[in-house]
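The values are calculated or read from the model by the stated rules, or taken from the named source; none is laboratory data. The structure displayed is predicted, hence computed values, not measured ones. Quick reminder, even Gly has a Cβ in these numbers, built from the backbone with ideal geometry, and neighbours come from all protein chains shown.
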Amino acid sequence: MGLSSATTTATAPEGVQLCIFDLRRGQNEGQELDKILFFFPADLPFSAQFSVIGLSEGLITFTRIFSPEAACEAIEAERHSHVFHEAEPDIWMVMVVEKNKEFEPIWRSDALRKVLKEVHSLFVMFHGSIRALLDKDPGGGLTRSHLYHFVMDYLGDFLVGKKLLLPSFRDALNERGTVQMLTVGREAAIEVQSLVRVLESCAGNMPCHSLILFQDLLVSTTLSPDDTVNLFAYAVLRLTPHALSSGVSSWSYLRKGATSSGSSLARPDAVPEQLHGSLDNSPTGDNSSHVVRPLQPDKWSKGKDGFLVSDIWGAETSTGASATPTVLLHQTQERMYLCTHQHKSLTLIFLLPVSSVLNGDQGVSAVKQQVLENVSLKLLKVEEKLSKGWGGENAYHVSGYRYLLADGDRNVSRASPPGKVTTLTKGSLLALNKVREEVDLDKSRAKLDNAGHEKELEISIRAKNNAWVIARVTRGKELYMVLEKANETLLYASDAVEKFSNRYCNGVFSLN
Amino acid sequence: MSSESGASTSGDEASEPNPNPDHTPKPPEDQLAALALSEVDSHGNGVAHGSAAENNHQEIESDEEEVQANSVAPGLAEVEEASEGSPRGGVGGGVVWATTNSELEIDGPASPSSSGYAGERGSSASSGGSGTDEISEVRKDEIVDRFPDSQTPWVPSKRHVDEDDASISWRKRKKHFFILSHSGKPIYSRYGDEHKLAGFSATLQAIISFVENGGDHVKLVRAGKHQVIFLVKGPIYLVCISCTEEPYESLRVQLELIYGQMLLILTKSVNRCFEKNPKFDMTPLLGGTDTVFSSLIHSFSWNPATFLHAYTCLPLAYATRQAAGAILQDVADSGVLFAILMCKHKVICLVGAQKASLHPDDMLLLSNFVMASESFRTSESFSPICLPRYNPMAFLYAYVRYLDVDTYLMLLTTSSDAFYHLKDCRIRIESVLLKSNVLSEIQRSMLDGGMRVEELPLDPLPRAGSFSPHLVQHTVQTDSPDRFREPYIGVGGPAGLWHFIYRSIFLDQYVSSEFSPPISSPRQQKRLYRAYQKLYASMHDKGIGPHKTQFRRDENYVLLCWATQDFELYAAFDPLADKALAIKTCNRVCQWVKDVENEIFLLGASPFSW
């Protein structure tokens, strides 16, 4: 096996590598290539790819000697960080990122791992599990081309210019894998509730789920938390008004590329060309054209009836209309038709069980018709109400504070608007990133301990640059905060947290 | 794969990529690939062994270092004897061993200090002339102190030699340390037999060189609660595998200290052996020094000097320390590089020749070497040692002599034939110390202990006072009733203050309060120690630190750290402590320390750092 080329430098031009491999494949010498299901950059010589996977595999095996219940999660080397995620049993995702010249702690491995988790969850939502695909496709060719397009399209969203901007210390006040909610008044909430009820009634006897977004914020969901997170992420990436008009800035952390350099994504197929390098190197071969690419950019558009359409899933042979996409629900393992209706800032997603809809797309069309007839008026009203109450992009800014509030049990987070976070100095953000890394470690240890009680923690640090960096963890809720230009006394900082907690968190983080 | 349990070792060997030292090294990829095989194998073995290892298992889980009371291994003392016949002398060149040494050592009692240890101290207390209730108090503290303070009684020569990487018990140990050579040969392992760990050692080497071949250096691997920390020092590789939740930075410092301890015994010139022969086997050079390493590793869980990079002093009246300093200075002028008088790990006095400065880490390693080697206790010794921070390439010669059970004098020189001169110096010093009552003051101070949070003065002292009345020399009963440790007994000091450590940046010294309830059991003390260590690491982060202030509250403590240019204060409070009161209390602690600095610190030691 020509692995001797570990000596060749394993550095991708962008300084990022991402691979997915299956430990059950390629067990025999000479067949190692079979392990690799995905590798970015695809044009990296196989020897260099093997070097990454060989090291990963070696360390997974090695660490299991001591830690059989949780194998290798991260490697920190002087110049690179490797982040591991066992997405499915024996199917591993590994991301390698380069450190900066000063070797500053710019990465937080949990933040990078959440990227891996997110792309995998989204993949499973559309294509089912990787293992299931491989079982149907022992050669692996189909699985590889699915992964290739999906992950490349996903990475495209991180592309700024020619660089992949993965979550770094600058994103220390974000929490990937959570949902951002719109705060609504009581009256509006009642309206939304009745909208949901009407929507459900349109589906007749079918069990129907719905998700309603205002701008890039969640208003209502009837899905399980996991499924909500996945569908919310997809909606913000591809379906909401911001996503449809790519190039318009979004405040969501999910669309990094779109915020900083909208134009590079506006061109169709810009992503594949920039990231894929020469297509000859892609492992997909010829069957790429048959692969459905749910994350392909700029493929969704709003039809005249307000329903979003896309030709990603091909056209229905009988009518020539676009086929309705389906998604797999994590909780019930049920496949659902995905229908999206949009009115101004309001995006309404409803899911119908494939097994319950007769006549496939025709059945879906019938429900859509029902929705148009019964829901339109309500939709107008709700949209109007929410728009009136909406404070704009900086609605959740709290002056003097830069914060992130995350509720791990509900997968919900709220944070200072990105525009405000950029005013923080690098020093403050690096310090916060470090504190978060520490809290991440504590949390994961507590999880492994399976200790009945939740972690309680309070950290307040007066950093070198005089900023206060604060972390509070209590009953599954986390609050991170940076106070710059604050008074030097600890009591002042505590008081600031107390005030914030009482005012915006129902006193969850208050001590009295 | 289907090997029976009995064949575990051979099974491992078979899958081991490079068991034979003369074997041409395979590319690391192969070795890494082979890992998969050996893993499967040993798993099989582990399962087969399962029932036998089960009993051990529980006990191992319960504590990282689980020191059994019966683990005092008699006759483990002959460190020097063992190394004398080894090539070690050759490395340093011209090592002279005073003949008296080995003779005395061989016949020496196994462990004079471990028997009647507490009793001895108790009796000297009563002769000290203090009141009776104080003695009983001292005894109580004694029990508290015993664990963290007295290493020698429990340190075994080598633990669990029957284990290897196939044993479940070995895998479950909370903290492993390994030293290996760059060719993958084992040099030291905290647990298990090095020879049986050859395959495991080769695996560690493969990981390190695999990453290095890619143009990078591996520092850390995380897996669940485990961390694997790597440190490469030329041809020497050091690895720690731990699930103790200590931060990476702390564990790395511990590896650095272990490397330093190795240099202290061998000097860096050992590298030359590897240059000549990469497959050089270093184990014989370190023969018999297991206790030194295990004692150092043990200190990683109780001695703040290991992470503070500072030393601590035995509290003594200023005049007493002056008296000791004067006589040490006297001999220093006669060609001694450093003269150090210590009591356990605490410095009584320290004097150096002009322009020579002693790094706190060197002091830690030197005192550990002396205290862990039983032979030093039983005779006067003259031993080549290297101070890695002072000069990693050269040997110095240490004349070591215990003056009483805990107090020992170290005279360091560059000359290999100074034994008789240093012996004379020691005789002079000893007689002066005896005459001026310094030795008895030392004993008394050991009994009285150091600062106690219960005694934190409510108001700043009007004068530069003494924190403990016993320290004022020649005073009769200055115990004033208001200073009695009444109000806070059992709950620590005011405002829920449980403990503190004050580190003076300028002096390279720290002072730590005595442990008092509720931090009374060794387990609680170790937990607090770890909490401090974590706080220190967080404050001194390399990339973004040092921070100025830190407040931490978790289910165990409120911890406060305050760092200035002059000092750092680390304080632990009751988790329910009030913030404002805690801050106030910290200020008072700082004031208190400043008020009594004459007694708790060695002042005027700065001539070292010209």
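When the range A:377-394 is examined, which residues are found to be in contact (Cβ under 8 Å) with a residue 40 or more places away in the chain and either surrounded by 14 or more Cβ atoms within 10 Å (Cβ to Cβ) or of a type outside the set (Gly, Ala, Ser) (or both)?
At the first step, the residues of the range A:377-394 found to be in contact (Cβ under 8 Å) with a residue 40 or more places away in the chain are A:378-379, A:381-383, A:385-387, A:389-390, A:393.
Residues satisfying the conditions are A:Lys378, A:Leu379, A:Lys381, A:Val382, A:Glu383, A:Lys385, A:Leu386, A:Gly389, A:Trp390, A:Glu393.
Would you check which residues across the range A:355-366 are within 30 Å of the chain's Cα centre (by Cα) and of a type in the set (A, V, I, L, M) and list them?
A:Val357, A:Val364
Hey, can you tell me all the residues within the range B:231-264 that are surrounded by fewer than 22 Cβ atoms within 10 Å (Cβ to Cβ) and facing chain A (nearest Cβ under 10 Å)?
Selection gives B:Cys243, B:Glu245, B:Pro247, B:Tyr248.
For residues in the range B:160-183 being within 27 Å of the chain's Cα centre (by Cα) and among the small types (Gly, Ala, Ser), which is farthest from B:Gly287 (Cα to Cα)?
Our first condition is that a residue be within 27 Å of the chain's Cα centre (by Cα); within the range B:160-183, this holds for B:160-165, B:169-182.
Checking which are among the small types (Gly, Ala, Ser) leaves us with B:169, B:181.
Details: B:Ser169: 25, B:Ser181: 16 Å.
Per the stated criteria, the residue is B:Ser169.
Test A:Leu404 against the stated conditions and say whether it is modelled with pLDDT of 95 or more, under 26 Å from the mean Cα position of the chain (by Cα) and in a helix (DSSP H, G or I).
For A:Leu404, the condition - modelled with pLDDT of 95 or more, under 26 Å from the mean Cα position of the chain (by Cα) and in a helix (DSSP H, G or I) - is not met.
Can you say whether B:Phe369 is closer than 26 Å to B:Trp302 by Cα and either buried (at least 24 other Cβ atoms within 10 Å of the Cβ) or not hydroxyl-bearing (Ser, Thr, Tyr) (or both), as far as the supplied structure shows?
On the way: closer than 26 Å to B:Trp302 by Cα: yes; either buried (at least 24 other Cβ atoms within 10 Å of the Cβ) or not hydroxyl-bearing (Ser, Thr, Tyr) (or both): yes.
Spelling it out, B:Phe369 is indeed closer than 26 Å to B:Trp302 by Cα and either buried (at least 24 other Cβ atoms within 10 Å of the Cβ) or not hydroxyl-bearing (Ser, Thr, Tyr) (or both).
Kindly indicate which of B:Lys526, B:Lys534 is away from chain A (no Cβ under 13 Å), in contact with an Asp or Glu (Cβ under 9 Å, 6 or more places away or on another chain), charged (D, E, K, R) and in a helix (DSSP H, G or I).
On the way: B:Lys534 fails: away from chain A (no Cβ under 13 Å).
Selected residue: B:Lys526, the only one of B:Lys526, B:Lys534 that is away from chain A (no Cβ under 13 Å), in contact with an Asp or Glu (Cβ under 9 Å, 6 or more places away or on another chain), charged (D, E, K, R) and in a helix (DSSP H, G or I).
This table checks each residue for (1) under 24 Å from the mean Cα position of the chain (by Cα); (2) assigned to a strand (DSSP E or B); (3) more than 10 Å from chain B (Cβ to nearest Cβ).
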residue: A:Leu441; (1), (2), (3): yes, no, no
residue: A:Lys455; (1), (2), (3): no, no, no
residue: A:Ile461; (1), (2), (3): no, yes, no
residue: A:Lys464; (1), (2), (3): no, no, no
residue: A:Ile470; (1), (2), (3): no, yes, no
residue: A:Leu491; (1), (2), (3): no, no, no
residue: A:Ala496; (1), (2), (3): no, no, yes
residue: A:Arg503; (1), (2), (3): no, no, yes
residue: A:Gly507; (1), (2), (3): no, no, yes
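Go through the range B:500-515 and report how many residues are aliphatic (A, V, I, L, M) and not in a loop (DSSP other than H, G, I, E, B). Steps first, please.
If we filter the range B:500-515 for residues that are aliphatic (A, V, I, L, M), which is where we start, we get B:501, B:505, B:507, B:511.
Imposing the further condition that a residue be not in a loop (DSSP other than H, G, I, E, B) reduces the set to B:501, B:511.
Within the range B:500-515, residues that are aliphatic (A, V, I, L, M) and not in a loop (DSSP other than H, G, I, E, B) number 2.
Regarding A:Ala10, is this residue assigned by TED's automatic domain parsing to the domain that holds A:Ala111, closer than 26 Å to A:Ser168 by Cα, surrounded by fewer than 23 Cβ atoms within 10 Å (Cβ to Cβ) and modelled with pLDDT under 95? Walk me through it before giving the result.
Values: assigned by TED's automatic domain parsing to the domain that holds A:Ala111: yes; closer than 26 Å to A:Ser168 by Cα: yes; surrounded by fewer than 23 Cβ atoms within 10 Å (Cβ to Cβ): no; modelled with pLDDT under 95: yes.
When the stated conditions are applied, A:Ala10 does not pass them.
For the range A:183-213: of the residues being closer than 23 Å to A:Arg414 by Cα and among the aliphatic types (A, V, I, L, M), which is surrounded by the most Cβ atoms within 10 Å (Cβ to Cβ)?
Filtering the range A:183-213 for residues closer than 23 Å to A:Arg414 by Cα gives A:183-190, A:192-193, A:210-213.
Applying the additional criterion that residues be among the aliphatic types (A, V, I, L, M) yields A:184, A:188-190, A:192, A:211-213.
On the way: A:Val184: 20, A:Ala188: 20, A:Ala189: 14, A:Ile190: 11, A:Val192: 21, A:Leu211: 26, A:Ile212: 25, A:Leu213: 28.
Looking at the filtered set, the residue picked out is A:Leu213.
Within the range A:211-230, how many residues turn out to be of a type in the set (Asp, Glu) and under 14 Å from A:Ser345 (Cα atoms)?
Filtering the range A:211-230 for residues of a type in the set (Asp, Glu) gives A:216, A:226-227.
After this cut, where a residue has to be under 14 Å from A:Ser345 (Cα atoms) as well, the list is A:216.
Counting residues in the range A:211-230 that are of a type in the set (Asp, Glu) and under 14 Å from A:Ser345 (Cα atoms) gives 1.
When the residues of the range B:534-563 are narrowed to those that are small (Gly, Ala, Ser) and more than 18 Å from A:Asn487 (Cα to Cα), which ends up surrounded by the most Cβ atoms within 10 Å (Cβ to Cβ)?
Taking the range B:534-563 first, the residues small (Gly, Ala, Ser) are B:537-538, B:543, B:545, B:563.
Then keep just the ones that are more than 18 Å from A:Asn487 (Cα to Cα); that gives B:537-538, B:543, B:545.
Working: B:Ala537: 21, B:Ser538: 23, B:Gly543: 14, B:Gly545: 17.
By that ranking, first place goes to B:Ser538.
Scan the range A:422-434 and tell me whether some residue there is under 23 Å from the mean Cα position of the chain (by Cα), more than 9 Å from chain B (Cβ to nearest Cβ) and surrounded by fewer than 18 Cβ atoms within 10 Å (Cβ to Cβ).
Of the range A:422-434, the ones under 23 Å from the mean Cα position of the chain (by Cα) are A:422, A:429-430, A:432-434.
From what is left, the residues that are more than 9 Å from chain B (Cβ to nearest Cβ) are A:422, A:429, A:432.
With the extra rule that they be surrounded by fewer than 18 Cβ atoms within 10 Å (Cβ to Cβ), the set shrinks to A:422.
Yes: the range A:422-434 contains one or more residues that are under 23 Å from the mean Cα position of the chain (by Cα), more than 9 Å from chain B (Cβ to nearest Cβ) and surrounded by fewer than 18 Cβ atoms within 10 Å (Cβ to Cβ).
Please enumerate the residues belonging to the range B:541-561 that are within 26 Å of the chain's Cα centre (by Cα), at pLDDT below 95 and under 19 Å from A:Glu488 (Cα atoms).
Passing the criteria: B:Gly545, B:Pro546.
If you check every pair at least six apart or on different chains, which have Cβ atoms under 8 Å apart with a residue in the range B:175-204 that is touching a residue at least 40 places away in the same chain (Cβ under 8 Å) and part of a helix (DSSP H, G or I) first and a residue that is crowded, with 23+ Cβ neighbours inside 10 Å and among the aliphatic types (A, V, I, L, M) second?
B:Thr203/B:Leu35
Modelled with pLDDT under 95, within 29 Å of B:Ser512 (Cα to Cα), within 23 Å of the chain's Cα centre (by Cα) and buried (at least 19 other Cβ atoms within 10 Å of the Cβ), is that true of B:Thr267? Reasoning before the result, please.
Numbers: modelled with pLDDT under 95: yes; within 29 Å of B:Ser512 (Cα to Cα): no; within 23 Å of the chain's Cα centre (by Cα): yes; buried (at least 19 other Cβ atoms within 10 Å of the Cβ): yes.
So B:Thr267 does not fit the description; no.
Going by the structure shown, is A:Asp442 closer than 20 Å to B:Ser538 by Cβ and surrounded by fewer than 21 Cβ atoms within 10 Å (Cβ to Cβ)?
Values: closer than 20 Å to B:Ser538 by Cβ: yes; surrounded by fewer than 21 Cβ atoms within 10 Å (Cβ to Cβ): yes.
Spelling it out, A:Asp442 is indeed closer than 20 Å to B:Ser538 by Cβ and surrounded by fewer than 21 Cβ atoms within 10 Å (Cβ to Cβ).
Quick check on my filter: what residues within the range A:299-354 are in a loop (DSSP other than H, G, I, E, B), touching a Pro at 6+ places or on another chain (Cβ under 6 Å) and either outside the structural domain of A:Tyr234 (by TED's automatic domain parsing) or under 20 Å from A:Glu200 (Cβ atoms) (or both)?
The one that is in a loop (DSSP other than H, G, I, E, B), touching a Pro at 6+ places or on another chain (Cβ under 6 Å) and either outside the structural domain of A:Tyr234 (by TED's automatic domain parsing) or under 20 Å from A:Glu200 (Cβ atoms) (or both): A:Glu334.
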